[in-house]
Amino acid sequence: MTTLAVHGLTKAFGGVVAVRDATVELREGAVNGLIGPNGSGKTTLFNLVTGMIRPDAGRVTIGGRDVTGWAPHRIAGAGLGRTFQLCRVFGRLTVLENMLVAVRRTRLRELAGGLGNRADLDRARGWLARVGLEHLETAEARDLSYGQQKLLELAAVLMADPALVLLDEPAGGVNPALIERIAALVRDLNAEGRTFLVVEHNMDLVMGLCDHVVVFDRGSPIAAGTPAEVQADGRVLEAYLGV
Amino acid sequence: MAVSPSASSGTAAPGRLAGRAAFVAGGLLLAAYPWAAPNAYLRYAGVLVVLYAALSTAWNLVGGFTGYISLGHAAFFGLGAYATGILVVRTGLPHALALVLAVAGVTAFAAAVGVAAVRVRGSSFVIVSIALVSMTNLVAQNARWLTGGSSGLRVPPLVEGLSRTANHVVFFYLFLALLGLVLATWWAVDRSRFGAGLKAIREDEDKAESLGVPTTAYKVVAYAASAAFVAAAGGLYGIWFGSLDPIFVFSIVIGANMVLMALLGGMRFLLGPLLGAFLVAPASEYFLLAYGESQLHIVLSGALLAVVVLFLPDGIIPALRATWRRRGPRAASIQERSAAELAAAREEVPA
Ligand SMILES: Nc1ncnc2c1ncn2[C@@H]1O[C@H](COP(=O)(O)OP(=O)(O)OP(=O)(O)O)[C@@H](O)[C@H]1O
Ligand SMILES: [Mg+2]
């Protein structure tokens, strides 16, 4: 029961309307894609639904519950995790410490436990092993390559056990082999029941990974459907080619 | 590379053992100080140094973990001192009880102030913290009926008829115990998930929020805990010193010293503030002694602060570690191993 939906969502920065009266509902249990030209408002939509910025108008609901205006940590607590377009990790924390930041439920007992708390450490090491970083747990995050940082960011988000994961350009700035690895990971996580919303410019990845795609242009959804349907849609070509 | 204590399990065992031995030896040496000090003045100075080490380490509970730089922590020092003194003088409570009540009251006050103060970041937070110490100073000056205003408040001694020297020895150990408690707290927080959240706030606050960390609550808890220890130090100071004057305890210089010491030693390290206090406090006492009540020691503190910020942004502990590593091949092993691992891992990932 975590379906994310936005209704009439609007956000302007000065004169620029980044998101304009957008109404979108995600398919639960699916890998949802969100595509659109540069500056069409995809990242702004992420920031709105995660509570990092407040909408000028409209509502955000998770599983039917209105979460508009909630603090980001509460929205995260409702089961929503996200990565950033320019990958963000805690540079001067070790890889293992990065993994232990995420809070599942704010339970004091869990927080007071040392980094040595077995259950947390096992979970952290399990995720690190899954993304292939288990041998780097004592390294500082800033010493990792960009690709490794992206894997760490994803693993750290998964520590919060989100039912819905928003990925902002997971393939941006990483090599083809790693893109394939991230795609495989998303498929596996989706098969385990997690819903995804993926913003991506790499069309091969979108077509290969997503079950359902929403197309954004100038702040609003202009088309939606399966990857094949969307690709065949004239309006999408128009938006991309600017005809 | 800072390897967190628990994360380095195994590989760092010999280094950790040596570290613990050095820690115990250092503690014993400190405990012996009052007996080794040749005169009353040096005993007095010793108390001052340990007091500053406790203050700066307590400051570092919020500064070092969250990166929020409070220049106004002297507000909690003064409040702790005055609350303890007033309770002893006006209600006749025993010193210990007065101290406990004062600390509880200041902690509650700090939590309330914290809720508002930690909402602003960066330099705005610094300004708010300075405003806090100015305001508390003004209130203490003007509430003459309660504080005695600028004519001061005399706090009766802990033990009637104790010589000055013996008083210094007693308070040296009381401040040492407080220092031990603050260090233990910092150490425990450093290893906890709560600590990981605080450090995440320092590195990237919005990112921490997005991972579900209730950042405001975390910051308020750290701020109040830090204030509690500073208030305890203030309360002890009042009883030790025996007289309080608002200008001296609600002092921006005391607050700035806490920051300078932590910055100098290294804010990200358990012993950074302590090291800074052991360097700065004796130096400023020396200049006070050598050049009298001139403002020279303040000017020198300012200059030192500028040098640290410009040339040693991480403090002297990492600089010392780097030098140590270059010398001793034994100590280098941890660093080199992980560097090699990194290089190997970089090549692995694309495959
Ligand atoms: N914080 C901000 N302040 C001012 N303008 C902003 C801000 N964030 C986004 N914008 C503007 O809003 C519009 C939408 O930007 P957004 O980052 O959401 O696009 P995007 O679809 O993610 O683009 P890209 O594919 O390049 O990442 C752009 O015109 C951008 O300049
Ligand atoms: Mg974007």
Inset, instruction - Can you tell me which residue within the stretch A:174-194, out of those that are touching a residue at least 60 places away in the same chain (Cβ under 8 Å) and of a type outside the set (A, V, I, L, M), is surrounded by the fewest Cβ atoms within 10 Å (Cβ to Cβ)? - result: A:193
Inset, instruction - Mind telling me which of the residues A:206, A:199, A:236 ends up being away from chain B (no Cβ under 14 Å), over 24 Å from residue A:88 (Cβ atoms), within 16 Å of ligand 1 (Cβ to nearest atom) and not aromatic (Phe, Trp, Tyr)? - result: A:236
Legend entry - Residue list for the stretch A:161-178, filter: more than 16 Å from ligand 1 (Cβ to nearest atom) and in contact with a helix residue (DSSP H, G or I) (Cβ under 6 Å, 6 or more places away or on another chain): A:178
Legend entry - Where residue A:68 falls short, out of the listed (1) more than 8 Å from every other protein chain (Cβ to nearest Cβ); (2) within 16 Å of ligand 1 (Cβ to nearest atom): (2)
Inset, instruction - Quick one: count up the residues across the stretch A:71-107 that are more than 7 Å from chain B (Cβ to nearest Cβ) and outside any loop (DSSP other than H, G, I, E, B). - result: 7
Inset, instruction - Please work out which one of (1) part of a loop (DSSP other than H, G, I, E, B); (2) touching an Asp or Glu at 6+ places or on another chain (Cβ under 7 Å); (3) away from ligand 2 (no atom under 16 Å from the Cβ) is the condition residue A:162 fails and give its number. - result: (2)
Legend entry - Filter pass, residue A:234 being touching a Phe, Trp or Tyr at 6+ places or on another chain (Cβ under 8 Å) and farther than 28 Å from residue A:58 by Cα: no
Inset, instruction - Could you please find all residues in the stretch B:108-155 being touching a strand residue (DSSP E or B) at 6+ places or on another chain (Cβ under 9 Å) and under 24 Å from residue B:201 (Cα atoms)? - result: none
Inset, instruction - Return the residue satisfying two criteria in turn: it lies in the stretch A:33-65 and is within 14 Å of chain B (Cβ to nearest Cβ) and within 14 Å of the chain's Cα centre (by Cα), and of such residues it is farthest from ligand 2 (Cβ to nearest atom). - result: A:51
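In the stretch B:68-106, how many residues are β-branched (Val, Ile, Thr) and within 19 Å of the chain's Cα centre (by Cα)? Quick ask: steps written out before the conclusion?
Pass one, the stretch B:68-106, residues β-branched (Val, Ile, Thr): B:69, B:84, B:86, B:88-89, B:91, B:100, B:103, B:106.
Subset that is within 19 Å of the chain's Cα centre (by Cα): B:69, B:103, B:106.
Count: 3.
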Legend entry - Residue pairs meeting the criteria (Cβ under 9 Å; at least 6 apart or on separate chains; first free of Cβ contacts under 8 Å to residues at least 40 places away in the same chain, in the stretch B:162-177; second part of a helix (DSSP H, G or I) and surrounded by fewer than 21 Cβ atoms within 10 Å (Cβ to Cβ)): B:162/B:170; B:163/B:40
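This table checks each residue for (1) at pLDDT below 95; (2) farther than 17 Å from residue B:213 by Cβ.
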position	(1), (2)
A:74	yes, no
A:112	yes, no
A:155	no, no
A:175	yes, yes
Inset, instruction - Given the conditions (1) in a helix (DSSP H, G or I); (2) more than 10 Å from every other protein chain (Cβ to nearest Cβ), report the number of the one that residue A:167 does not fulfil. - result: (1)
Inset, instruction - Determine if the stretch A:210-225 includes at least one residue that is of a type in the set (Val, Ile, Thr) and part of a loop (DSSP other than H, G, I, E, B). - result: no
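The values are calculated or read from the model by the stated rules, or taken from the named source; none is laboratory data. Note that the structure is predicted; figures quoted are calculated from it, not measured. For neighbour counting, all protein chains shown are included, and Cβ atoms are generated from backbone atoms with ideal geometry for every residue, glycine included.
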